[in-house]
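Q: Sharing a structure, written as structure tokens. Questions coming.
The values are calculated or read from the model by the stated rules, or taken from the named source; none is laboratory data. What you see is a predicted model, and the numbers here were worked out from it, not measured in a lab. Glycine also receives a Cβ, built like all others from the backbone with ideal geometry; neighbour counts cover every protein chain displayed. With ligands, DNA and RNA removed, areas are computed over all heavy atoms of the protein, side chains included. Shrake-Rupley method; radii C 1.70, N 1.55, O 1.52, S 1.80 Å.
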Amino acid sequence: MRKHTIAAMWEEIPDDADDLALVNGGFRVYLCLCGKSLPDRTAAELHAMETDQCTTCLGTTTEDIVPGYSQKCTACAGTGRRKAQLTWELAHAEAEMVITVEIVRDLISGFTEPFRLSQVADLVRDTLRLPVGRLPVGPRVRDVLRQLEAMGELVLISAPEQLLRGTTVMLYRDPYWEHVRN
Ligand SMILES: [Zn+2]
Ligand SMILES: [Zn+2]
């Protein structure tokens, strides 16, 4: 059996590079050990799919966010496998159905002090009696809180842990919010 180790290498990145394109797989050269031509990100993802590898990390188990910063792949729980990625996708869809905006809004309604993401995630887990590790509770709760923030109900008050690329690509590990007072 041939090895399909896919590597992504950073290209020279201009100062005015589109940050979104950068984070989403642009400005890289893709190569597979088998020699197949991978001209762009789409081709690389397709080849990862046909070789049963995760389409986010291309089987490498790590996600390169910006040059000099990588993290364990969240799409496949760091396994690099397509099957794990699909299972995790289903779990995300389930979490979206179970953890609704209404539930989260209700749970945090009594908070008068700033609250952390991890705190709300624990509360959701306890309230809905969700076993640890089966559903991506943290990521889902983060999405909901960001949604409430976009709707003007909450305001993010913590500073980012790390600025990865100016102020457009920032890293928040356990951010905290507070209610917008009227
Ligand atoms: Zn290959
Ligand atoms: Zn992955």
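Q: If you roll a 1.4 Å probe over the heavy atoms of the protein chains, what accessible area per residue do you get for region 6-84, in Å²?
A: 55
Q: Also: Evaluate the relative contact order of region 99-179 (contact order divided by residue number), counting alpha-carbon pairs under 8 angstrom at least 6 apart; express in whole percent. Show your work: numbers first, answer last.
A: On the way: 89 pairs, mean separation 28.4, N = 81.
The normalised contact order for region 99-179 reaches 35 percent.
Q: Something else now. To check you understand DSSP bridge types, tell me what percent of the beta bridges within region 93-182 (both residues inside) are antiparallel, rounded to 5.
A: Details: 8 of 9 bridges.
Taking every DSSP beta bridge within region 93-182, about 90 percent pair in antiparallel fashion.
Q: Which value, in debye to the nearest 20, gives the size of the charge dipole of region 6-84 about its Cα centre, when Lys and Arg are +1 and Asp and Glu are -1 at the Cβ?
A: With Lys and Arg at +1 and Asp and Glu at -1, about 600 debye.
Q: Residue by residue, what Karplus-based ³J(HN,Hα) values in Hz, rounded to whole numbers, does region 9-25 have, using 6.51, -1.76 and 1.60 with θ = phi - 60° and x for Gly and Pro?
A: Each residue of region 9-25 in turn: 10, 5, 8, 4, 10, x, 4, 9, 4, 5, 4, 5, 5, 5, 5, 8, x Hz.
Q: Based on alpha-carbon atoms only, what is the radius of gyration of region 6-84 relative to the globular estimate 2.2 N^0.38 Å? Write down the numbers at each step before the final one.
A: Numbers: Rg = 12.2 Å, N = 79, 2.2 N^0.38 = 11.6 Å.
Taking the Cα Rg and dividing by 2.2 N^0.38 Å, one obtains 1.05.
Q: Same structure, new question: Determine the share of the chain's accessible area contributed by carbon and sulfur atoms, expressed in whole percent, with a 1.4 angstrom probe. Don't skip to the answer; put the middle values down first.
A: Numbers: 5770 of 10900 Å².
C and S atoms contribute 53 percent here.
Q: Still on this model: Would you please give the FRET efficiency between residue 16 and residue 50, computed as 1/(1 + (r/R0)^6) with r the Cβ-Cβ distance and R0 = 41 Å, to the nearest 0.05? Show your work: numbers first, answer last.
A: On the way: r = 35 Å, r/R0 = 0.86.
FRET efficiency, residue 16 to residue 50: 0.70.
Q: OK, next. If we sort 75-87, 52-64 on the protection proxy, mean other Cβ atoms within 10 Å, highest first, what's the order?
A: Numbers: 75-87: 18.1, 52-64: 20.6.
Highest mean packing first, the order is 52-64, 75-87.
Q: Which angle from 0 to 90°, rounded to the nearest 10, does the C-alpha axis of helix 82-98 make with the longest principal axis of the chain?
A: 20
Q: For the chain, what does the relative contact order come out to in percent, with C-alpha contacts under 8 Å and a separation of six or more?
A: Numbers: 249 pairs, mean separation 26.8, N = 182.
The normalised contact order for the chain reaches 15 percent.
Q: Another one. Using a 1.4 Å probe, what is the accessible area per residue for region 122-168, in Å²? Walk me through the numbers before you get to the answer.
A: Working: 2800 Å² over 47 residues.
Normalised by residue count, the accessible surface of region 122-168 is 60 Å².
Q: Further, regarding this structure: Collect residues whose amide H, placed 1.01 Å from N in the peptide plane, falls under 5 Å from the amide H of residue 53; neighbours closer than 5 in sequence don't count.
A: 82
Q: Among 163, 147, 49, which residue has its Cα furthest toward the positive end of the charge dipole of the chain, with +1 on Lys/Arg Cβ and -1 on Asp/Glu Cβ?
A: 49
Q: Now, a different point. Multiply the residue gap between residue 165 and residue 132 by 0.36 nm, knock off their C-alpha separation, and tell me the result in nm, one decimal place. Please list the in-between numbers first.
A: Numbers: separation 33, 0.36 × 33 = 11.88 nm, distance 3.29 nm.
Stretched out fully, the residue 165 to residue 132 stretch lengthens by 8.6 nm.
Q: Additional query: Mind pulling the angle between the C-alpha long axis of helix 41-50 and the longest principal axis of the chain? Nearest 10 degrees, somewhere in 0 to 90.
A: It works out to around 80 degrees.
Q: State to the nearest 20 debye the size of the charge dipole of the chain about its Cα centre, where the only charges are +1 on K and R beta carbons and -1 on D and E beta carbons. Display every interim value, and only then the final one.
A: Numbers: 20 positive and 26 negative charges, 162 e Å.
Using Cβ point charges on Lys, Arg, Asp and Glu, the chain gives about 780 debye.
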